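The values are calculated or read from the model by the stated rules, or taken from the named source; none is laboratory data. Every value quoted in this text rests on a predicted model; they were computed, and no experiment measured them. Cβ placement follows ideal geometry from the backbone for every residue including glycine, while neighbour counts extend to all protein chains displayed. Ligands, DNA and RNA are excluded from the accessible area calculation, which covers all protein heavy atoms including side chains. Shrake-Rupley method; radii C 1.70, N 1.55, O 1.52, S 1.80 Å.
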Amino acid sequence: MPHDHLSIYITYVLLRDLTEDTSLLPSSSSSLFLSPNQEANMELRLIPLSNLLLLFLTVVGVMTSLSQVAVVAESKDAFAENFDIMWSENHFKTSPDGQIWYLSLDKETGCGFQTKQRYRFGWFSMKLKLVGGDSAGVVTAYYMCSDTGAGPERDELDFEFLGNRTGEPYIIQTNVYKSGVGSREMRHMLWFDPTEDFHTYSILWNNHQIVFFVDRVPIRVYKNGDKPNDFFPNEKPMYLFSSIWNADDWATRGGLEKTNWKRAPFVSTYKEFKVEGCQWEEPYPACVSTTTKYWWDQYGAWHLTDSQKKDFAWVERNLVIYDYCKDTERFTKMPVECSLSPWD
């Protein structure tokens, strides 16, 4: 569950213990996320002032103990606190309050940013609004990578948003790299127009699975095996990046549709970066060996929940337009990881 849900859940548990009233809790406290109905139906009961004070102090203490898990940056300098510009600082802007960030692409160059910190395992989330109108050839990338460049041994988890001609749908391409080897692409359509408003794109990464989410809907599940392997990235800490760049040699209809520079600048928009993960510290952070104390690496996060499985099944039926695991022309022998079931 995200950080705010975790806070709510801890509060509910403490209220239960103080009042001995289990009706305050959702019917299933083991689910990965609280449903909107569960949150809306929770009610606080009157309890003695002394117990309220105890509750407050306990919550503060519990949340302080989770200090290794980063929280949402909400100050005016949210960007500066979390990110560095990778290139073309003059193509980066923020809203007056510093909470919304803009990357632009013109014929000269694009722009990109990266987190100051590296992480190994966790929940990583950002709200994006993509380039509207004629965006053919334009790629907005939102990804994690162990290398600040395209290193030959890098691990990487990719969201790439492939622009299109006006009126044609955006395509999301995801990919997974281990030790510099990728070619594990999947492509999906979306069930909404990602240029009209902000939508949330998230990655859950632990030692058991990597899940790509769009607005809390799992669109791709990538499983680890039960033995050491060369396909699941789980050893190298990663930065989080985003960039906008010209890729009209391949991005839209295999490069047939070229970027219309008369429509430049192309602007992608960001807000509300959230991370709850094990922040890397040399030579080895303590949280890596104790990650199961955090929700994103507990048993409930090793598999999809029942409701997530329903959403994932709907995505599989309706939105997948390419899956490398089913490309028998490209792979005469299917990659090993393709035999692992996302439902397990």
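Here are the numbers for this structure:
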{"quantity": "Part-to-part distance (alpha-carbon centres) for region 159-173 and region 97-156, which is given in Å", "calculated": "15 Å"}
{"quantity": "Total formal charge among the other residues, if their Cβ is under 15 angstrom from that of R184, Lys/Arg +1 and Asp/Glu -1", "calculated": "-1"}
{"quantity": "When each of K293/K326; K129/K274; K258/K309; K178/K274; K271/K326; K116/K262 is checked by Cα-Cα distance, pairs over 27 Å", "calculated": "K293/K326; K258/K309; K271/K326; K116/K262"}
{"quantity": "Formal net charge of residues neighbouring R154 (Cβ-Cβ distance under 10 Å; K, R +1; D, E -1)", "calculated": "-2"}
{"quantity": "Reduced Cα scattering model of region 76-339, Debye log10 I(q)/I(0), q = 0.09 Å⁻¹", "calculated": "-0.40"}
{"quantity": "Accessible area (Å², 1.4 Å probe, nearest 10) - V176", "calculated": "0 Å²"}
{"quantity": "3J(HN,Hα) from dihedral phi, region 172-184, Karplus parametrisation 6.51/-1.76/1.60, rounded to Hz, x for glycine, proline", "calculated": "9, 10, 10, 8, 10, 10, 10, 6, x, 9, x, 6, 10"}
{"quantity": "Residues with amide H under 5 Å from that of R220, placed H, sequence gap 5 or more", "calculated": "F212"}
{"quantity": "Hz values of 3J(HN,Hα) by residue in region 221-226 - Karplus curve (6.51, -1.76, 1.60), Gly and Pro given as x", "calculated": "10, 10, 9, 8, x, 9"}
{"quantity": "Protein accessible area in region 174-260, 1.4 Å probe - carbon and sulfur %", "calculated": "45 percent"}
{"quantity": "Residue-normalised accessible area of region 76-339, given per residue in Å² at a 1.4 Å probe", "calculated": "45 Å²"}
{"quantity": "Amide hydrogen neighbours beyond the local backbone of D215, cut-off 5 Å, H modeled", "calculated": "T200, Y201, S202"}
{"quantity": "With all protein chains modelled, accessible area of K227 [1.4 Å, Å²]", "calculated": "150 Å²"}
